[in-house]
Amino acid sequence: MTTSKLGITVIKEFEQLRLNPYDDGAGKLTIGWGHLIKKGEQFTTISPELADTMLANDLKEAEMTVSALVTVPLSQWQYDALVSFTFNTGPANLERSTLLTCLNKGRYALAANEFERWVYAGGNKMAGLMARRRCEKVVFKAGTEKEG
(Lines give C-alpha, C1' and ligand atoms only; values in the text may rest on other atoms or scores of the structure.)
Protein backbone atom coordinates (compact mmCIF):
# COMPACT_ATOMS: atom_id res chain seq x y z
CA MET A 1 0.00 0.00 0.00
CA THR A 2 1.17 3.55 -0.67
CA THR A 3 -0.13 6.91 0.46
CA SER A 4 -3.02 8.18 -1.64
CA LYS A 5 -3.47 11.69 -3.01
CA LEU A 6 -5.76 12.39 -0.04
CA GLY A 7 -3.03 11.33 2.38
CA ILE A 8 -0.43 13.51 0.67
CA THR A 9 -2.86 16.43 0.65
CA VAL A 10 -3.42 16.05 4.41
CA ILE A 11 0.32 16.01 5.05
CA LYS A 12 0.99 19.01 2.82
CA GLU A 13 -1.89 20.96 4.36
CA PHE A 14 -0.42 20.66 7.83
CA GLU A 15 3.28 20.79 6.98
CA GLN A 16 3.13 23.70 4.54
CA LEU A 17 5.99 24.25 2.10
CA ARG A 18 8.94 26.13 3.56
CA LEU A 19 11.99 26.56 1.39
CA ASN A 20 14.26 27.74 4.23
CA PRO A 21 15.11 25.92 7.48
CA TYR A 22 12.74 26.55 10.38
CA ASP A 23 12.18 25.33 13.93
CA ASP A 24 9.42 22.71 13.99
CA GLY A 25 8.12 23.85 17.38
CA ALA A 26 10.09 21.22 19.25
CA GLY A 27 13.49 22.77 18.60
CA LYS A 28 14.30 20.63 15.54
CA LEU A 29 15.40 22.15 12.25
CA THR A 30 13.05 21.28 9.41
CA ILE A 31 12.71 22.26 5.75
CA GLY A 32 10.41 21.65 2.77
CA TRP A 33 7.27 19.66 3.56
CA GLY A 34 8.28 18.86 7.15
CA HIS A 35 11.61 17.18 6.36
CA LEU A 36 13.59 16.85 9.59
CA ILE A 37 17.12 17.99 8.79
CA LYS A 38 19.41 15.11 9.71
CA LYS A 39 22.98 15.21 10.92
CA GLY A 40 25.23 15.97 7.97
CA GLU A 41 22.50 17.69 5.94
CA GLN A 42 22.92 21.41 5.42
CA PHE A 43 20.42 23.64 3.68
CA THR A 44 20.03 27.36 3.37
CA THR A 45 17.28 27.16 0.78
CA ILE A 46 15.74 24.48 -1.45
CA SER A 47 13.53 24.44 -4.54
CA PRO A 48 9.91 23.26 -4.49
CA GLU A 49 11.00 20.31 -6.64
CA LEU A 50 13.62 19.24 -4.09
CA ALA A 51 11.00 19.62 -1.34
CA ASP A 52 8.70 17.24 -3.25
CA THR A 53 11.54 14.73 -3.70
CA MET A 54 12.39 14.91 0.00
CA LEU A 55 8.71 14.40 0.87
CA ALA A 56 8.52 11.32 -1.36
CA ASN A 57 11.59 9.84 0.34
CA ASP A 58 10.31 10.66 3.83
CA LEU A 59 6.93 9.14 2.97
CA LYS A 60 8.61 5.86 2.03
CA GLU A 61 10.04 5.60 5.55
CA ALA A 62 6.66 6.31 7.14
CA GLU A 63 4.94 3.84 4.79
CA MET A 64 7.47 1.10 5.55
CA THR A 65 6.98 1.69 9.28
CA VAL A 66 3.19 1.46 9.08
CA SER A 67 3.36 -1.63 6.87
CA ALA A 68 5.85 -3.33 9.20
CA LEU A 69 4.12 -2.54 12.50
CA VAL A 70 0.41 -2.83 11.73
CA THR A 71 -0.80 -6.44 11.82
CA VAL A 72 -4.50 -5.90 11.07
CA PRO A 73 -6.18 -5.01 7.76
CA LEU A 74 -6.35 -1.30 6.92
CA SER A 75 -8.48 0.66 4.50
CA GLN A 76 -6.70 3.21 2.31
CA TRP A 77 -7.93 6.07 4.52
CA GLN A 78 -6.81 4.36 7.72
CA TYR A 79 -3.42 3.79 6.13
CA ASP A 80 -3.21 7.44 5.03
CA ALA A 81 -4.03 8.67 8.54
CA LEU A 82 -1.38 6.41 10.06
CA VAL A 83 1.26 7.48 7.52
CA SER A 84 0.50 11.14 8.23
CA PHE A 85 0.79 10.46 11.97
CA THR A 86 4.05 8.53 11.56
CA PHE A 87 5.49 11.11 9.17
CA ASN A 88 4.87 13.78 11.79
CA THR A 89 5.69 11.99 15.05
CA GLY A 90 8.35 9.57 13.81
CA PRO A 91 8.49 5.78 13.51
CA ALA A 92 9.56 5.18 17.12
CA ASN A 93 6.50 7.01 18.45
CA LEU A 94 4.11 4.88 16.41
CA GLU A 95 5.92 1.74 17.54
CA ARG A 96 5.53 2.50 21.23
CA SER A 97 2.07 4.06 21.02
CA THR A 98 -1.16 2.90 22.61
CA LEU A 99 -2.68 3.75 19.23
CA LEU A 100 -0.73 0.88 17.64
CA THR A 101 -1.44 -1.48 20.54
CA CYS A 102 -5.19 -0.88 20.26
CA LEU A 103 -5.12 -1.12 16.49
CA ASN A 104 -3.23 -4.41 16.42
CA LYS A 105 -5.81 -5.84 18.85
CA GLY A 106 -8.47 -4.95 16.26
CA ARG A 107 -9.87 -2.16 18.41
CA TYR A 108 -10.17 0.40 15.64
CA ALA A 109 -12.44 2.83 17.52
CA LEU A 110 -10.10 2.94 20.51
CA ALA A 111 -7.14 3.41 18.17
CA ALA A 112 -8.90 6.36 16.52
CA ASN A 113 -9.32 8.04 19.89
CA GLU A 114 -5.57 7.83 20.51
CA PHE A 115 -4.68 10.29 17.74
CA GLU A 116 -5.73 13.29 19.81
CA ARG A 117 -3.28 12.43 22.61
CA TRP A 118 -0.35 13.36 20.35
CA VAL A 119 -0.65 17.15 20.42
CA TYR A 120 2.54 18.19 22.23
CA ALA A 121 5.83 19.44 20.82
CA GLY A 122 8.66 20.39 23.11
CA GLY A 123 6.32 19.86 26.07
CA ASN A 124 3.83 22.42 24.78
CA LYS A 125 0.31 21.73 23.53
CA MET A 126 0.24 22.97 19.94
CA ALA A 127 -2.87 24.22 18.14
CA GLY A 128 -1.52 23.00 14.80
CA LEU A 129 -1.00 19.49 16.16
CA MET A 130 -4.47 19.50 17.70
CA ALA A 131 -5.97 20.33 14.29
CA ARG A 132 -3.81 17.76 12.52
CA ARG A 133 -4.73 14.96 14.94
CA ARG A 134 -8.44 15.79 14.65
CA CYS A 135 -8.09 15.55 10.87
CA GLU A 136 -6.16 12.26 11.04
CA LYS A 137 -8.77 10.87 13.41
CA VAL A 138 -11.60 11.87 11.06
CA VAL A 139 -9.83 10.31 8.06
CA PHE A 140 -9.07 7.14 10.05
CA LYS A 141 -12.66 6.83 11.30
CA ALA A 142 -14.09 7.51 7.84
CA GLY A 143 -11.93 4.66 6.54
CA THR A 144 -13.24 2.40 9.30
CA GLU A 145 -16.87 3.25 8.54
CA LYS A 146 -16.31 2.96 4.80
CA GLU A 147 -14.85 -0.53 5.16
CA GLY A 148 -16.97 -1.67 8.09
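In table form, for the structure just shown:
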{"read-out": "Qualifying position, being basic (Lys, Arg) and surrounded by 14 or more Cβ atoms within 10 Å (Cβ to Cβ), among Arg117, Arg96, Arg107", "value": "Arg107"}
{"read-out": "Single unsatisfied condition, Thr44 versus (1) hydroxyl-bearing (Ser, Thr, Tyr); (2) surrounded by fewer than 20 Cβ atoms within 10 Å (Cβ to Cβ); (3) at pLDDT 95 or above", "value": "(3)"}
{"read-out": "Which numbered condition Leu50 fails, given (1) within 14 Å of the chain's Cα centre (by Cα); (2) under 22 Å from Glu13 (Cβ atoms); (3) of a type outside the set (Lys, Arg); (4) surrounded by fewer than 17 Cβ atoms within 10 Å (Cβ to Cβ)", "value": "(1)"}
{"read-out": "Some residue of the stretch 56-68 being loosely packed, with under 14 Cβ neighbours inside 10 Å, farther than 24 Å from Ala26 by Cα and not acidic (Asp, Glu)", "value": "yes"}
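The values are calculated or read from the model by the stated rules, or taken from the named source; none is laboratory data. Note that the structure is predicted; figures quoted are calculated from it, not measured. Cβ: placed from backbone, ideal geometry, glycine included. Neighbour counts: every protein chain shown.
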